[in-house]
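Peer 1: Let me give you the structure first, and then I'll get to my questions.
The values are calculated or read from the model by the stated rules, or taken from the named source; none is laboratory data. Computed from a predicted structure; not experimentally measured. Virtual Cβ from ideal backbone geometry, glycine too; neighbours counted across all protein chains shown. Accessible surface is based on the protein model in full, side chains and every heavy atom, while ligands, DNA and RNA are left aside. Shrake-Rupley method; radii C 1.70, N 1.55, O 1.52, S 1.80 Å.
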Amino acid sequence: MKKIGILGSTGSIGTQTLEVAEANQDLEIVGLAAGRNIKLLEEQIRKFHPRMAAVMDEKAASELAVKIQDTNTKVVAGMDGFLQIAAMEEMEILVTAVVGMIGIRPTMEAICAGKDIALANKETLVTAGHLIIPLAQEHRVKILPVDSEHSAVFQCLNGERSREVEKLIITASGGPFRGKKREFLESVTLEDTLKHPNWVMGQKITVDSATLVNKGLEVMEARWLFGVDIDHIDVVVQPQSVIHSMVEFKDGAVMAQLGTPDMKLPIQYALYYPERRFLAGERLDFARLASISFEAPDMNTFLGLPMAMEAAKKGGSMPTVFNAANERAVAKFLRREIGFLDIYDIIRQSMDQHRVVQHPDLDTILNTEEETYQWIESRW
């Protein structure tokens, strides 16, 4: 029986992780953590009987404790509660499915406690990869990617020698506005933006997919996961979302991982690696698949990707500014306070005003995040 904990259990990845656990009888949920959705968290607690549950919002944690006082689940609150989940003695692997830089400290805590990480929190490596990867190596824990693209690369590299890799090819669906130009984007609505053609995801990541910020974050994350320089990572649009990513080797051979757009596959692969388990669901039917097409990303219209590449190359604290600016801009867009294209303007201006700090420690990273938030709020 493998014992797992989930940070972000009420979100898209968290709920699908629980579906994977329900379908397999040898995964025990020992810890759950969420932000403030105690209604769903209570349902999860009653179904999976974790030993501990954390709620970031302390008032919501108190409410949950009252609601589940008839159970044996202990309720903890705030960042301290998340850290307690991350370091649970009986837990073997932690699924980090929270959105945002809130995932950094619990991830580091889990690594120091010797727990393997099923990583679905991009921001952890985007902003602190230079801290996380050496820490994982020091404590000899695995970081297993849950993102479909990174899982695809991970699967393609299985059994291969990293020194023989020429480049990684990260695929993108293109999002709901693929093929559109800037003039069209001036008038798009929140509802338009949240209509992803292939994937069912949370609102924030769906917006990031539309801006191509998400693909930029994935490129930044891939450099740390696989030790590949930014200049050896390409992005290609693959609208059918059938090829999830590829690896090109020095001899010109290209390996690709294909499958239906179902996040349960990379989740389950991370939880059971290196074993593969049966997963119910639709299979690719190549006889019915009319074509698999490719196109270059429009870097002149969808500025999230080129700005992410710029931030990655500048390094230091700049990826934190890029990420924090996007988080705050997307939050404003979801509240209908700004337009779609304003997301790009907020990121651009935030990056332009920042003086890069090289080799930032955790405190500097978190301070940079807060300073970026404050700068944006003072102007937008």
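Peer 1: Restricting to the stretch 197-233, name every residue that is in a loop (DSSP other than H, G, I, E, B) and either of a type outside the set (A, V, I, L, M, F, W, C) or under 23 Å from ASN300 (Cβ atoms) (or both). Give the derivation first.
Peer 2: First, the residues of the stretch 197-233 that are in a loop (DSSP other than H, G, I, E, B): 197-202, 212, 227-229.
Scanning the stretch 197-233 gives PRO197, ASN198, GLY202, LEU212, GLY227, ASP229.
Peer 1: Are any residues in the stretch 337-369 in a helix (DSSP H, G or I), farther than 24 Å from SER209 by Cα, in contact with a helix residue (DSSP H, G or I) (Cβ under 9 Å, 6 or more places away or on another chain) and open to solvent by 30 Å² or more (accessible area, probe 1.4 Å), and if so, which ones? Outline the logic, then answer.
Peer 2: Looking only at the stretch 337-369, we keep the residues that are in a helix (DSSP H, G or I), and these are 342-353, 362-369.
Those still in the list that are farther than 24 Å from SER209 by Cα too: 353, 362-368.
Retained after the next criterion (residues that are in contact with a helix residue (DSSP H, G or I) (Cβ under 9 Å, 6 or more places away or on another chain)): 353, 362, 364-366, 368.
Those that are in a helix (DSSP H, G or I), farther than 24 Å from SER209 by Cα, in contact with a helix residue (DSSP H, G or I) (Cβ under 9 Å, 6 or more places away or on another chain) and open to solvent by 30 Å² or more (accessible area, probe 1.4 Å): GLN353, LEU362, THR364, LEU366.
Peer 1: Restricting to the stretch 185-218, name every residue that is at pLDDT 90 or above, small (Gly, Ala, Ser) and open to solvent by 20 Å² or more (accessible area, probe 1.4 Å).
Peer 2: Across the stretch 185-218, the qualifying residue is only SER187.
Peer 1: A further question follows. Looking at (1) crowded, with 19+ Cβ neighbours inside 10 Å; (2) in contact with an Asp or Glu (Cβ under 9 Å, 6 or more places away or on another chain); (3) within 13 Å of LEU271 (Cβ to Cβ), find the lone condition where ILE38 falls short.
Peer 2: Going through the list (1) crowded, with 19+ Cβ neighbours inside 10 Å; (2) in contact with an Asp or Glu (Cβ under 9 Å, 6 or more places away or on another chain); (3) within 13 Å of LEU271 (Cβ to Cβ), ILE38 breaks only (3).
Peer 1: Something else about it: Within the stretch 219-240, count every residue that is within 16 Å of LEU144 (Cα to Cα) and open to solvent by 10 Å² or more (accessible area, probe 1.4 Å).
Peer 2: Number of matching residues: 5.
Peer 1: Within the stretch 318-327, identify whether any single residue is of a type in the set (S, T, N, Q) and farther than 26 Å from VAL153 by Cα, and answer yes or no. Break it down into steps so the answer makes sense when it comes.
Peer 2: Filtering the stretch 318-327 for residues of a type in the set (S, T, N, Q) gives 320, 323, 326.
Remaining after also requiring farther than 26 Å from VAL153 by Cα: none.
No, the stretch 318-327 contains no residue that is of a type in the set (S, T, N, Q) and farther than 26 Å from VAL153 by Cα.
Peer 1: Then there's this: If I ask for residues that are under 23 Å from LYS314 (Cβ atoms) and not in a helix (DSSP H, G or I), which ones from the stretch 120-144 would you list?
Peer 2: Correct list: ASN121 only.
Peer 1: Another question, then. Residue check, GLY159 against (1) within 20 Å of GLU221 (Cα to Cα); (2) at pLDDT below 95, all met but one. Which one?
Peer 2: Every listed condition holds for GLY159 apart from (1).
Peer 1: Got at least one residue in the stretch 80-98 being aromatic (Phe, Trp, Tyr) and over 30 Å from THR368 (Cβ atoms)?
Peer 2: We begin by selecting, within the stretch 80-98, every residue aromatic (Phe, Trp, Tyr); these are 82.
Still in the running and over 30 Å from THR368 (Cβ atoms): none.
Checked the stretch 80-98: no residue is aromatic (Phe, Trp, Tyr) and over 30 Å from THR368 (Cβ atoms).
Peer 1: I would also like to ask the following. Which of the following residues is at pLDDT 95 or above and open to solvent by 70 Å² or more (accessible area, probe 1.4 Å): MET255, MET307, MET246, MET318? First the steps, then the outcome.
Peer 2: Working: MET307 fails: open to solvent by 70 Å² or more (accessible area, probe 1.4 Å); MET246 fails: open to solvent by 70 Å² or more (accessible area, probe 1.4 Å); MET318 fails: open to solvent by 70 Å² or more (accessible area, probe 1.4 Å).
Every option except MET255 fails the conditions.
Conditions (1) without any contact (Cβ under 8 Å) to a residue 60 or more places away in the chain; (2) in contact with a helix residue (DSSP H, G or I) (Cβ under 7 Å, 6 or more places away or on another chain); (3) among the aromatic types (Phe, Trp, Tyr); (4) not in a loop (DSSP other than H, G, I, E, B), marked per residue:
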site: VAL235; (1), (2), (3), (4): no, yes, no, yes
site: PRO239; (1), (2), (3), (4): no, no, no, no
site: PRO266; (1), (2), (3), (4): no, yes, no, yes
site: GLU275; (1), (2), (3), (4): yes, no, no, no
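Peer 1: I'd like to verify a number: residues in the stretch 15-52 that are over 20 Å from PHE278 (Cα atoms) and part of a helix (DSSP H, G or I), how many?
Peer 2: Adding up the residues that qualify gives 11.
Peer 1: For the stretch 53-68, give me each residue that is part of a loop (DSSP other than H, G, I, E, B) and either among the acidic types (Asp, Glu) or modelled with pLDDT under 95 (or both). Break it down stepwise before answering.
Peer 2: So in the stretch 53-68, the residues part of a loop (DSSP other than H, G, I, E, B) come out as 56-57, 68.
Result: ASP57, single match.
Peer 1: Every residue in the stretch 117-146 that is touching a residue at least 12 places away in the same chain (Cβ under 8 Å), out of contact with any strand residue (DSSP E or B) (no Cβ under 8 Å at 6 or more places or on another chain) and either closer than 20 Å to THR320 by Cα or aromatic (Phe, Trp, Tyr) (or both), please.
Peer 2: LYS122, GLU123, VAL126, THR127, ALA128, GLY129, HIS130, LEU131, LEU135
Peer 1: Considering (1) under 23 Å from VAL219 (Cα atoms); (2) open to solvent by less than 40 Å² (accessible area, probe 1.4 Å); (3) out of contact with any Pro (no Cβ under 6 Å at 6 or more places or on another chain), say which one HIS130 fails and leave the rest.
Peer 2: Here HIS130 clears every test but (2).
Peer 1: Provide a single number: the residues in the stretch 79-108 that are out of contact with any strand residue (DSSP E or B) (no Cβ under 8 Å at 6 or more places or on another chain) and either part of a helix (DSSP H, G or I) or open to solvent by 50 Å² or more (accessible area, probe 1.4 Å) (or both). Walk me through it before giving the result.
Peer 2: Keep residues of the stretch 79-108 that are out of contact with any strand residue (DSSP E or B) (no Cβ under 8 Å at 6 or more places or on another chain), which gives 79-80, 83, 87, 89, 99-102, 104-105, 108.
Filter once more, keeping what is either part of a helix (DSSP H, G or I) or open to solvent by 50 Å² or more (accessible area, probe 1.4 Å) (or both): 79-80, 83, 89, 99, 101-102, 104-105, 108.
Adding up the residues that qualify gives 10.
Peer 1: While we're on this one: Filtering the stretch 69-78 down to residues that are free of Cβ contacts under 8 Å to residues at least 24 places away in the same chain and in a strand (DSSP E or B), which residue is nearest to CYS112 (Cα to Cα)?
Peer 2: This residue is ALA77.
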